[in-house]
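Colleague: Would you mind keeping the following structure in view while I ask a few things?
Throughout, read-outs are computed from the coordinates displayed, never taken from laboratory work. Computed from a prediction, not measured in an experiment: that's the story for all the values here. Don't worry about glycine lacking a Cβ; one is built from the backbone with ideal geometry, like all the others, and counts go over all protein chains shown.
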Amino acid sequence: MSASIKVSGVRKLFRDRGPGIDVLAIDHVSLSVGQGELLCLLGPSGCGKSTLLNMIAGFESPTEGTVAVNGGLIAAPSADRGMVFQQPTLMPWLPVWDNVAFSLKLKNVPKKQRRIEAQRYIDIVGLTGFENYFPSQLSGGMAQRVGIARVLLLNPAVILMDEPFSSLDAQTKLEMQEELVAIWQRFATTIVFVTHSVEEALILGTTIAVMTHRPGRIRESIKVDIPHPRDSTSPAFNDLKRHIMSLIRQEARLAPARLVTPEPQ
Amino acid sequence: MNLPSVFWKQTGRFCVPVVLVAAWEAFSRSGYLPPSLLPAPSQVLWTWADWLFAIDESTQNNTGHWWVDAVASGVRVLGGYAIAAVSGISIGIAIGWWRWVERTVEPTIQLLRPIPPVSWIPLAIIWFGIANRPAIFLVFLGTFFPVLMNSIHGVRTIDRNLIRVAEMMGASERQLLWLVVLPAALPSIFAGLRIGVGSAWMLTVTAEMVAVKSGLGYVLWDSYYFLRYDMVIAAMASIGLLGFVTDLCVKRLMTATLRWQETSTVQGRKF
């Protein structure tokens with residue numbers, strides 16, 4: 001059920017963010033994600049990685065260039081690209097199980113069946129016992145699990161994740177990362193995971209695409225051949241970490257210089 | 001919890017009104033003002049009882065007539081309130097959701113909004129005559145705008161990603177409105193509905209004083225002409241009581257509907 005993604009020559013210009021100010025968020029990004037890959041988009045805040053993700057989801061459209069999933073151009077959001085947001089973004093008026101099975105409600109599936117279907121995914125993300133809790137009664141990590149269960153139930157070809165663990169505490173974050181890897185292996189879906197943490201990218205990704213400062217470009221795409229689960233103290237892990245850190249440092253030095261250079265129109 | 005604290009929790013809320021009424025009774029009996037100008041609470045209660053249950057016919061042709069008056073006013077409140085709630089919520093959601101509705105409808109509504117509902121009385125009378133309809137019209141005017149404004153606000157402040165989530169899962173626009181926008185805007189809508197309760201009673205009474213020949217407001221104004229200030233105060237208290245009960249109903253409905261909000265807000269705080 002997984003899919004390949006092809007991003008070709010994408011630019012994204014945000015107009016009218018202020019009087020006469022256009023912001024070039026992404027500049028000529030090309031990128032391909034193979035079936036069953038777990039791609040980590042790594043970059044500093046404001047580099048346009050979320051914008052790129054939103055374009056794959058179909059929430060935003062590129063100013064130039066194309067985004068295609070399994071060869072089909074993307075025009076609008078769809079259930080075969082499930083997004084997990086930075087904030088859990090649950091319907092606060094629905095209990096956990098109803099949030100997980102919301103997509104079935106949209107298909108007019110009867111309540112009894114939705115409840116059964118929801119339970120499967122609630123168990124997978126480890127929320128058994130919390131089915132009837134409201135989102136306001138959940139901790140951040142639990143709420144994010146609901147967001148993941150909701151996307152798993154959609155059974156999408158691609159799962160898009162926008163820094164989903166960035167607001168969690170260190171321990172919960174580790175736990176969630178391990179579970180995500182387990183889920184990814186079990187469902188064999190393609191995942192695009194946006195993060196600003198080198199460590200997180202290295203723990204998760206089969207490929208890490210390092211992005212530059214705004215306007216975002218792909219600086220380097222790095223294959224990570226270390227098998228999961230990864231030991232963050234191993235030499236191979238740290239060699240890669242050193243390499244990526246040096247890329248990021250170089251980028252940081254270039255960033256202010258780029259601000260003064262006028263943009264070629 | 002020990003017994004005295006339970007006692008205080010239950011009786012604490014009655015302390016201030018009891019003291020106030022006792023002071024009023026004492027002041028009225030002191031003879032500082034003629035009793036007809038400031039009737040004692042006991043006198044008011046007696047009058048009210050006759051108005052309610054026809055005890056000694058001291059309220060003349062109003063004796064035992066309270067229920068008819070209350071129902072007459074209640075029907076007007078309910079009628080105008082229901083029309084305003086349904087139209088205010090639906091138009092408010094439409095304005096908040098569709099940019100073109102906002103552009104075409106909202107300016108007109110914003111121009112009409114500052115006109116005090118009471119100033120519509122002359123037109124209400126010539127358009128609707130002297131009966132229920134002008135009162136219902138006024139109640140509608142007074143309730144519609146708070147419900148509308150809060151509905152618009154409720155829609156506009158919905159988290160955009162919540163809409164995206166539903167779109168991603170394949171929601172049609174109709175489903176978006178029913179299953180996401182309406183429930184997400186409910187807390188704000190209820191705020192408007194509760195403000196509306198107050199203006200609904202206020203405008204019913206105003207309309208009855210001027211344009212209608214029945215209801216609590218009419219009795220109030222009529223008693224003023226007949227110098228029955230005890231009756232005036234009984235009518236005021238009746239209106240206050242009914243307003244309180246109506247608000248309580250809306251509040252109950254609100255807490256039942258917004259149960260999901262409780263744990264994360266101050267109202268769910270345990271003492």
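Colleague: Work out the length of the dipole vector of the protein assembly as shown about its Cα centre, built from +1 on the beta-carbon of each Lys and Arg and -1 on the beta-carbon of each Asp and Glu, and round it to the nearest 20 debye.
Modeller: The dipole magnitude comes to about 560 debye.
Colleague: Turning to a different aspect of this structure: With the Cα gyration tensor of the protein assembly as shown in hand, convert its eigenvalues to equivalent ellipsoid semi-axes via √(5λ) and list them largest first in whole Å.
Modeller: The answer is 64, 27, 21 Å, longest axis first.
Colleague: Please give the contour-minus-distance gain from B:Val21 to B:Leu45: 0.36 nm per residue of separation, less the Cα-Cα distance, rounded to one decimal in nm.
Modeller: Stretched out fully, the B:Val21 to B:Leu45 stretch lengthens by 7.5 nm.
Colleague: Go through A:Met161, B:Leu253, B:Val75 and say which Cα lies farthest out towards the positive end of the charge dipole of the protein assembly as shown; charges sit on Cβ, +1 for Lys and Arg, -1 for Asp and Glu.
Modeller: A:Met161
Colleague: If you don't mind, there's one more thing I want to ask. Order these by the 10 Å Cβ neighbour count, fewest first: B:Leu45, A:Leu31.
Modeller: The order, fewest Cβ neighbours first, is B:Leu45, A:Leu31.
Colleague: Determine the calculated [θ] at 222 nm for chain B from helices alone, applying -39500 (n - 2.57) to every DSSP H run no shorter than 4 residues and normalising by the residue count; nearest 500 deg cm²/dmol.
Modeller: That calculation yields -25000 deg cm²/dmol at 222 nm.
Colleague: Measuring from centroid to centroid over Cα atoms, what is the spacing of the stretch A:149-206 and the stretch B:1-74 in Å?
Modeller: If you average the Cα positions of each part, the centres end up 67 Å apart.
Colleague: Using only DSSP helix segments of four residues or longer, with each worth -39500 (n - 2.57), what per-residue ellipticity at 222 nm results for chain A after dividing by its residue count and rounding to 500?
Modeller: So the helix-based figure for chain A works out to -11500 deg cm²/dmol.
Colleague: Leaving out same-chain residues fewer than 8 places away, which aspartates and glutamates sit with a Cα under 20 Å from that of A:Lys107?
Modeller: Excluding near neighbours in sequence, the set is A:Asp80, A:Asp98, A:Glu117, B:Glu167, B:Glu173.
Colleague: Near B:Arg99, within a Cβ-to-Cβ distance under 13 Å, what is the net charge of the other residues, with Lys and Arg +1 and Asp and Glu -1?
Modeller: In short, 0.
Colleague: Pop the C-beta distance of B:Thr11 and A:Asn155 into the FRET formula with R0 = 51 Å and round what comes out to the nearest 0.05.
Modeller: With a Förster radius of 51 Å, E is 0.25.
Colleague: Something else: State, to one decimal in nm, how far the label point of A:Ser232 lies from the label point of B:Arg103, with both points 7 Å from Cα in the Cβ direction.
Modeller: 5.1
Colleague: Hey, another quick one. Work out the mean other chain Cβ neighbour count within 10 Å for the residues of A:69-78 and drop it here as an integer.
Modeller: 1
Colleague: Roughly what % of Cα-Cα distances in the stretch A:87-155 sit above 13 Å, to the whole percent?
Modeller: The proportion of pairs with Cα distances above 13 Å equals 55 percent.
Colleague: Here's something else I'd like to know. Calculate one ³J(HN,Hα) per residue across the stretch A:159-168 by plugging θ = phi - 60° into the Karplus curve 6.51 cos²θ - 1.76 cosθ + 1.60, and present them in order as whole Hz with x for glycine and proline.
Modeller: 10, 10, 10, 9, 6, x, 10, 5, 9, 8
Colleague: Here's something else I'd like to know. Calculate, for B:Arg160 and A:Asn70, the FRET efficiency according to 1/(1 + (r/R0)^6) with r their C-beta to C-beta distance and R0 22 Å; round to the nearest 0.05.
Modeller: 0.20
Colleague: Still on this structure, please answer the following. Whole Å is fine, so just give me how far the alpha carbon centre of the stretch B:178-253 lies from that of the stretch B:92-152.
Modeller: When both Cα centres are located, 17 Å separates them.
Colleague: Next up: Explain nothing, just compute: Karplus ³J(HN,Hα) = 6.51 cos²θ - 1.76 cosθ + 1.60, θ = phi - 60°, for every residue of the stretch B:181-195 in order, whole Hz, x for Gly and Pro.
Modeller: So the Karplus estimates, Gly and Pro as x, are 5, 4, x, 5, 8, 3, x, 5, 4, 5, 4, x, 4, 6, 5 Hz.
Colleague: Below 14 angstrom from the Cβ of A:Ser166, what's the summed charge of the other residues (Lys, Arg +1; Asp, Glu -1)?
Modeller: Cβ neighbours under 14 Å give a net charge of -3.
Colleague: Using packing as a proxy for protection, rank B:48-55, A:221-228 so that the peptide with the highest average count of other Cβ atoms within 10 Å comes first.
Modeller: Answer by packing, highest mean first, reads B:48-55, A:221-228.
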